[in-house]
Amino acid sequence: MPVDFLTEKQKLNYGKFSGQPNDMQLARYFHVDENDMAFIAKRRGAKNRFGFALQLISLRFLGTFISDLSLIPINVKSFIALQLSLNDMSILANYGQRETTKREHAALIRKEYGYHEFGDFPWFFGLGRLLYSRAWLSNQRPSLMFDGATSWLIQTKVILPGATTMLRFISQIRQRADSRLWHRLSSLPSDEQRRKLETLLQVPEGRRISQFDLYRQSPSTVSGPSFNESANRYTKLKEFGMQALNLSKIPPVRLKNLARYAGLISMHKIARMPDSKRIALLVAFAKTYETIALDDTVDVLDLLIKGIARTAKKIGQKKRLRTIKDLDKSALILADICALILKDETQDSSLRETIFSRVSKDKLTASVATINDLARPDDDNFHDEMVQQYGRVRQFLPSLLQNIKLKALSH
């Protein structure tokens, strides 16, 4: 089986030294304690003790035995030789001249330190349960599952299998989780819903693309017609009735990932899938894209309202700029009259005569009318200009009221 999902680094590092361990790793994984030393001392000859010790610490660090001890980094050999009080590391070349020596030593190490083979029960079963849980609940990437499985095997003293065996095992686990997901999802809709979902993959007469492809398309513009199309898309997806299905036993992440996959592949590829996988994918698509369509519709509405308010404000500001000269003129007249009133020299008995001698009653009345007409209160939000935008609102308001159910936020 090809190692499709592994990176080059993972392929090179699996069961091998990827470089020289640092000082912290040497102290943690390559220290030979008293029990280790007593066990190693039972081997006859310095070369056997040296090779035996290297086999032991390699298994402890890598999770597997090293067939070619020359591949062990030099700082590891030096660290072990120092602990064994060996001055000549060249004696390692004579270790394992008989192939049975390495096998016998490996068997002794497995028995003494409690290591197990990959296929032994319950370790094989335990790893399978762990990986299956990750595959089912989170759809974890296979490369991460590979790293997690490797760490688990090393921690539980299970000798690493070959890379191909591990890859095949992970692929089988993922396939089991996928099959379970497809079976559960495809069993949820009724026969009528299944038939309706199948119509997504059909190309209506007179059109070039299927409804499936149409529903995958998000709005590309902000306008009344665009909102109506988006609201219609949401309504059509809602008619499949996926919200009524009991999806409590389906991990949300798996549903989301399946819908994302549906949004990327072609309709023709989905049509060629087995029944359970095809229906499961369509269920995930209809359910997830119904929510996406609603979000898109609300986003278009939000941008549309902001655009209308921005336009109304701009119109109001332009109108105000055009009338500011008349407003200033009338305001200055009233300011002059107010200044006259505030003068202490002005007699109350002759106030009206004094004012009208400066400004005629008709002109003063006209100035007051101009200010009342042009001046805006502090809380003015360009209401009149907003009303003038009703023509744009009318394009999408019926669709909004008919298709979108609005609710107040609760605190």
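Where a number appears in this text, it was derived from the coordinates with a stated rule and is not lab data. This structure is a prediction, so every number in the text was calculated from the model and none was measured. We place every Cβ from the backbone using ideal geometry, glycine too, and count neighbours over all the protein chains shown.
Structure notes:
- The mean of 1/r over all pairs of different alpha-carbon atoms in the chain, once inverted, gives a Kirkwood hydrodynamic radius of 29.8 Å.
- Taking the longest Cα principal axis of the chain as reference, the axis of helix 46-62 is set at about 20 degrees.
- Evaluated at q = 0.13, 0.18, 0.28, 0.31 Å⁻¹: base-10 log I(q)/I(0), Debye formula over Cα of the stretch 81-126: -0.50, -0.76, -1.00, -1.02
- Computed per residue of the chain from DSSP H runs no shorter than four, each worth -39500 (n - 2.57), the mean residue ellipticity at 222 nm is -21500 deg cm²/dmol.
- The value for the stretch 1-131 of Rg(Cα) / (2.2 N^0.38 Å) is 1.14.
- Built amide H within the under 5 Å cut-off of His116, gap 5+: Val158, Ile159
- When the alpha carbon gyration tensor of the stretch 103-221 is reduced to an equivalent ellipsoid, its three semi-axes come out at 48, 15, 11 angstrom, largest first.
- Rounded D (µm²/s) - the stretch 197-247, Kirkwood Rh over Cα pairs, Stokes-Einstein at 20 °C, 1.002 mPa s: 173 µm²/s
- Spin-label model distance (nm) - Asp191 vs Thr165, 7 Å beyond Cα toward Cβ: 4.9 nm
- For Ile74, Ile292, Ile341, the sequence from fewest to most other C-beta atoms within 10 Å is Ile74, Ile341, Ile292.
- For the stretch 164-295, the direction-averaged projected area of the alpha-carbon convex hull comes to 9.6 nm².
- With Rh defined as the Kirkwood radius, the inverse of the mean 1/r over Cα pairs, the Rg/Rh of the stretch 123-187 is 1.00.
- Computed over the chain: relative contact order in percent, which uses C-alpha pairs under 8 Å that are six or more apart: 14 percent
- Normalised contact order of the stretch 212-313, rounded percent, pairs of Cα under 8 Å and 6 or more residues apart: 45 percent
- Reachable lysines from Lys314, criterion Cα separation under 22 angstrom, eight or more residues apart if same chain: Lys306, Lys325
- Vicinal HN-Hα couplings computed from phi for the stretch 243-253 (Karplus, 6.51 cos²θ - 1.76 cosθ + 1.60; Hz; Gly/Pro x): 5, 7, 6, 8, 9, 5, 9, 9, x, x, 5
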